[in-house]
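Have a look at the structure below before the remarks.
The values are calculated or read from the model by the stated rules, or taken from the named source; none is laboratory data. The structure presented is a predicted model; accordingly, all values stated were derived computationally and were not measured. Backbone-built Cβ (ideal geometry, glycine too); neighbour counts: all protein chains shown. We work out accessible area using only protein heavy atoms, side chains counted, and drop any ligands, DNA or RNA first. Shrake-Rupley method; radii C 1.70, N 1.55, O 1.52, S 1.80 Å.
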Amino acid sequence: DPSAAWRWIVNNRHHPGLSPGPWNDWPLQRIFPFITGLVLLFLALVLALGLRQYLLYNQCRQAVVAADRLLFEFTTIKDHLNESLVLAESVNLHQLSDTLQALEKELGQLHDNILVPEGLKARLPARVDLIGLSLQLHAIQEHRQEKDQETLALVRALGRINIGLQQCRLGLGDHTQEILLGLHKIIAGALGLIVALSSALLFWLNRSLS
């Protein structure tokens, strides 16, 4: 009978035949549910952290995908403008303005993302930088033969913005990996506590029954 066995453990814990030590002075009715409750609590914590890791992984993946898309789109613009400048071809300024406005919206979304640290946000181009590109190109196309310095300045501005986006993308990838790794370590630590508490409970019960 399990209930009878339990009563025997409680009533005979100080029996001379039992192993002496501090274990025998602890109230069995309190320690057992206490440790069991701790194990269940840590199990619930692990489940909550696992859910948090899943959600955080999706958020990190979306941030990295947004940075990749932003870098790809601006690189396409940069290559197109550089080719047009080299070949002395005209660029549709209205279409370029629309493209830069769409790019600006994506920049704003990435800038508002809480997963992007402030140090990386500082490397993103500002609205004035994008407007400056359009104005510089407009000035160059009006007087192409007299705008060698302006052309060089535009090429440098395109390269500077592109490098900033590349650095932001690489830094964001490293940053999100660090976040996920830190959460993974917390989960591993919680699992270690569960194992330690379970082992302590089994050891204590073994000492009580010996």
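If only one of Gln95, Gln166, Gln149 is surrounded by 12 or more Cβ atoms within 10 Å (Cβ to Cβ), assigned to a helix (DSSP H, G or I) and out of contact with any Cys (no Cβ under 8 Å at 6 or more places or on another chain), which one is it? Can you show your working first?
Values: Gln95 fails: surrounded by 12 or more Cβ atoms within 10 Å (Cβ to Cβ); Gln149 fails: surrounded by 12 or more Cβ atoms within 10 Å (Cβ to Cβ).
On inspection, the qualifying residue turns out to be Gln166.
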- Task: Give Leu124, Leu115 a once-over and let me know the one that is touching a residue at least 60 places away in the same chain (Cβ under 8 Å), buried (at least 16 other Cβ atoms within 10 Å of the Cβ) and not in a helix (DSSP H, G or I).
- Result: Leu115
- Determine, yes or no, whether Asn206 is closer than 30 Å to Ile131 by Cα and either part of a helix (DSSP H, G or I) or free of Cβ contacts under 8 Å to residues at least 12 places away in the same chain (or both). no
- Task: Could you please find all residues in segment 63-92 being within 23 Å of Leu152 (Cβ to Cβ) and surrounded by 13 or more Cβ atoms within 10 Å (Cβ to Cβ)?
- Result: Phe74, Thr75, Ile77, Lys78, His80, Leu81, Asn82, Ser84, Leu85, Val91
- Query: Under 7 Å by Cβ, and 6 or more places apart or on different chains, what pairs join a residue from segment 39-57 that is within 19 Å of Ser198 (Cβ to Cβ) with one that is open to solvent by 60 Å² or more (accessible area, probe 1.4 Å) and at pLDDT below 85?
  - Reply: Phe42/Leu193; Val46/Leu191; Leu49/Ile186
- Item | Single condition Asp174 does not satisfy, out of (1) more than 32 Å from the chain's Cα centre (by Cα); (2) of a type in the set (Asp, Glu); (3) under 14 Å from Arg123 (Cβ atoms) | (1)
- Message: Out of the residues in segment 189-203 meeting the condition of being in contact (Cβ under 8 Å) with a residue 12 or more places away in the chain and open to solvent by 30 Å² or more (accessible area, probe 1.4 Å), tell me which one is farthest from Leu45 (Cα to Cα).
- Response: Ala200
- Task: Report yes if Leu103 is touching a Gly at 6+ places or on another chain (Cβ under 6 Å) and either open to solvent by less than 80 Å² (accessible area, probe 1.4 Å) or in a helix (DSSP H, G or I) (or both), otherwise no.
- Result: no
- Message: Checking the condition modelled with pLDDT under 85, over 29 Å from the mean Cα position of the chain (by Cα), assigned to a helix (DSSP H, G or I) and surrounded by 13 or more Cβ atoms within 10 Å (Cβ to Cβ), which residue from Ile140, Ile186, Ile131 passes?
- Response: Ile140
